[in-house]
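Here the structure is laid out as structure tokens; the discussion comes afterwards.
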Amino acid sequence: MVSQAPQLAVKAEALVKNFGETAVLRGLDIELPTGEVTVLLGANGAGKSTLLRVLSMLTQIDSGSISMFGADIAKNGPATRALTGSVLHSPMLYADMTVRENLMFFAEMYRLQNIAERVAETTAQVGIEPRLDHRVRTLSHGFQKRVALARSLMHNPELLLLDEPESGLDNLSVARLGRIIDDYRSSGRTVIMTTHIVEHALELADRAIVLNYGKVGLNSAFPSRDKDEILAAYSSTVTAQ
Amino acid sequence: MMGSLAVIWAIGRKDLLLEIRNKDVVVAVAGFALLVLVIFTFAIDLNQGNAKLVGPGVLWAGIAFAGVTGLNRAFALEVEGGTLEALMLAPISRDLIYLGKALGNFLFIAVAQIIVIPVFAVLFNLVVFRWEMLAISLLTTVGFSAVGTLFAAMSVKVRAREVMLPLLFLPVVTPLLMAAVESTGHMVNGRSWSDMAQWLQLAVAFDVAFVVVSAFIFQHILED
């Protein structure tokens, strides 16, 4: 069973993931409390997206352990997936179905009640109502990303995993995304996101983690105070490539 | 239980909706199978004896080869769009995804057969609109979908998937093909249910075994 009032949203210990000869996560340890917005920073190949895929349970680790809200994800797959919402690189939508059809279909996959109401609420939240009956194929990448965000919010997950969510979004949509993240934090839920827009992310986040070649290079619970240190650590991972 | 059935039906219904819009799979499967039938009508002297002798084999070989084309396409669309991963994010067990995809494939192959079997009846001048044919067709389609969905998932990440799927699929469905051909042969020769019982039993056993085993294996295939 997933416990009701856990302290940690995510506890990952000694995570190792290799793709063939390439080590992507190399004994990574993190502990993320509930109710925090954590931003993952690092150069390309640092392991940010792989870590989010592992936490989304799309990629299996080679060794290590992960618990979410007190439950081991290896033993509680479907129950833990019900607690997470993910927006990864690709929008992962059916191109020949409309926005509404996509959202209603995925609402069925999440076994939601009052599907029409949930679709209306989340589409209003991300501002995609005007194109609900447009086929996804006809929409821009940025708009598709917003649909993916709506899908990830529909089941009110306790943990939101966002992989470069602002990519392809216009300024208005980025501001809307910021409000959604703020709402999440104020309701005691947890957000983990990756980004390359570092300064903006540090304003938004409660915690910044700089990944360096699959390990935690720096973990700051005060990103605004430690801004210079974080920027220096981030820059060093980028320039070291 | 009802929740699981609703998820399976939702995946199958979604595949059907996409197929109605794109017509990728049914057209490919029916078109390929019809082509096989037409070529054989030219290649063979179709007097009544020959038609009863070779007709069942031609019909089921055509549907099996054509089915591979459709199965490949049905799964490739899911992977290319990344939507298989979206399904994997949902709090449903992987075997429900398998059963939903298999249901979709069952519907595609069944619709293709609704087009192909009447044409077969006309070209080979055989009476096939009988309950026996419905039973044979249903059992064979269940088996094709069960095996095909599993192997399509296995081969979809392989570079040479168009080659890999038939190499995996056709040898495994050979017992089912034999059952379909033999029981169809009995039917067109006017024999009774009891004459074809052993072949139908083989088909039932094949279907049960492969639906259960494939659903179990499928969840391991999906993981990285």
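The values are calculated or read from the model by the stated rules, or taken from the named source; none is laboratory data. All values reported here derive from a predicted model rather than from experimental measurement. Every residue, glycine as well, gets a Cβ built from its backbone with ideal geometry; the counts of neighbours run over all protein chains shown. Note: areas computed on protein heavy atoms with side chains; ligands, DNA, RNA excluded. Shrake-Rupley method; radii C 1.70, N 1.55, O 1.52, S 1.80 Å.
Can we say B:Gly82 is touching a Pro at 6+ places or on another chain (Cβ under 9 Å) and either open to solvent by less than 10 Å² (accessible area, probe 1.4 Å) or without any contact (Cβ under 8 Å) to a residue 12 or more places away in the chain (or both)? Considered against the rule, which asks whether it is touching a Pro at 6+ places or on another chain (Cβ under 9 Å) and either open to solvent by less than 10 Å² (accessible area, probe 1.4 Å) or without any contact (Cβ under 8 Å) to a residue 12 or more places away in the chain (or both), B:Gly82 comes out as yes. Out of A:Thr34, A:Thr80, one residue alone is open to solvent by less than 10 Å² (accessible area, probe 1.4 Å), in contact with an Asp or Glu (Cβ under 9 Å, 6 or more places away or on another chain) and over 30 Å from A:Val238 (Cβ atoms). It is A:Thr80. Taking the criterion of being over 15 Å from the mean Cα position of the chain (by Cα) and either small (Gly, Ala, Ser) or closer than 27 Å to A:Ser236 by Cα (or both), the residues of the stretch A:144-173 that qualify are A:Gly168, A:Ser173.
Scanning the stretch A:97-118 for residues that are more than 12 Å from A:Arg151 (Cβ to Cβ) and either touching a strand residue (DSSP E or B) at 6+ places or on another chain (Cβ under 6 Å) or of a type in the set (S, T, N, Q) (or both) yields A:Thr98, A:Gln113, A:Asn114. The residue that is surrounded by the fewest Cβ atoms within 10 Å (Cβ to Cβ), counting only those in the stretch B:1-19 that are farther than 17 Å from B:Asn72 by Cα, modelled with pLDDT of 90 or more and more than 10 Å from chain A (Cβ to nearest Cβ), is B:Leu5. Candidates in the stretch A:149-165 are the residues that are out of contact with any Phe, Trp or Tyr (no Cβ under 7 Å at 6 or more places or on another chain) and charged (D, E, K, R); of these, the one that is modelled with the lowest pLDDT is A:Glu164. The set of residues from the stretch B:20-47 being open to solvent by 30 Å² or more (accessible area, probe 1.4 Å) and within 14 Å of chain A (Cβ to nearest Cβ) comprises B:Ile20, B:Arg21, B:Asn22, B:Lys23, B:Asp24. The set of residues from the stretch B:138-166 being without any contact (Cβ under 8 Å) to a residue 40 or more places away in the chain and either open to solvent by 10 Å² or more (accessible area, probe 1.4 Å) or acidic (Asp, Glu) (or both) comprises B:Leu138, B:Val158, B:Arg159, B:Ala160, B:Val163, B:Met164. Just one residue in the set B:Leu77, B:Leu107 is touching a residue at least 40 places away in the same chain (Cβ under 8 Å), open to solvent by 20 Å² or more (accessible area, probe 1.4 Å) and within 14 Å of chain A (Cβ to nearest Cβ); that residue is B:Leu77.
Looking across the stretch B:3-60, the residues that are small (Gly, Ala, Ser), touching a Leu at 6+ places or on another chain (Cβ under 7 Å) and under 23 Å from B:Ser137 (Cβ atoms) come down to B:Gly12, B:Ala51, B:Gly55.
Within the stretch A:84-101, if we keep just the residues that are modelled with pLDDT under 95 and open to solvent by 40 Å² or more (accessible area, probe 1.4 Å), the residue that is nearest to the other protein chains (Cβ to nearest Cβ) turns out to be A:Ser90. Taking the criterion of being open to solvent by 50 Å² or more (accessible area, probe 1.4 Å), within 14 Å of chain B (Cβ to nearest Cβ) and assigned to a loop (DSSP other than H, G, I, E, B), would at least one residue in the stretch A:102-112 satisfy it? Yes, some residue in the stretch A:102-112 is open to solvent by 50 Å² or more (accessible area, probe 1.4 Å), within 14 Å of chain B (Cβ to nearest Cβ) and assigned to a loop (DSSP other than H, G, I, E, B). Among the residues of the stretch A:62-70, is any farther than 22 Å from B:Ile92 by Cβ and either part of a helix (DSSP H, G or I) or within 13 Å of another protein chain (Cβ to nearest Cβ) (or both)? Yes; the residues of the stretch A:62-70 include at least one that is farther than 22 Å from B:Ile92 by Cβ and either part of a helix (DSSP H, G or I) or within 13 Å of another protein chain (Cβ to nearest Cβ) (or both). When A:Met97, A:Met193, A:Met109 are checked against the criterion of being without any contact (Cβ under 8 Å) to a residue 24 or more places away in the chain and either within 22 Å of B:Met88 (Cα to Cα) or not assigned by TED's automatic domain parsing to the domain that holds A:Gly47 (or both), a single residue qualifies: A:Met109. Considering the stretch B:167-216, and only residues there that are closer than 20 Å to B:Val128 by Cα and touching an Asp or Glu at 6+ places or on another chain (Cβ under 6 Å), the residue that is least open to solvent (accessible area, probe 1.4 Å) turns out to be B:Met187. Total residues in the stretch B:178-224 satisfying the condition of being under 16 Å from B:Ala146 (Cβ atoms), among the aliphatic types (A, V, I, L, M) and within 14 Å of another protein chain (Cβ to nearest Cβ): the figure is 1.
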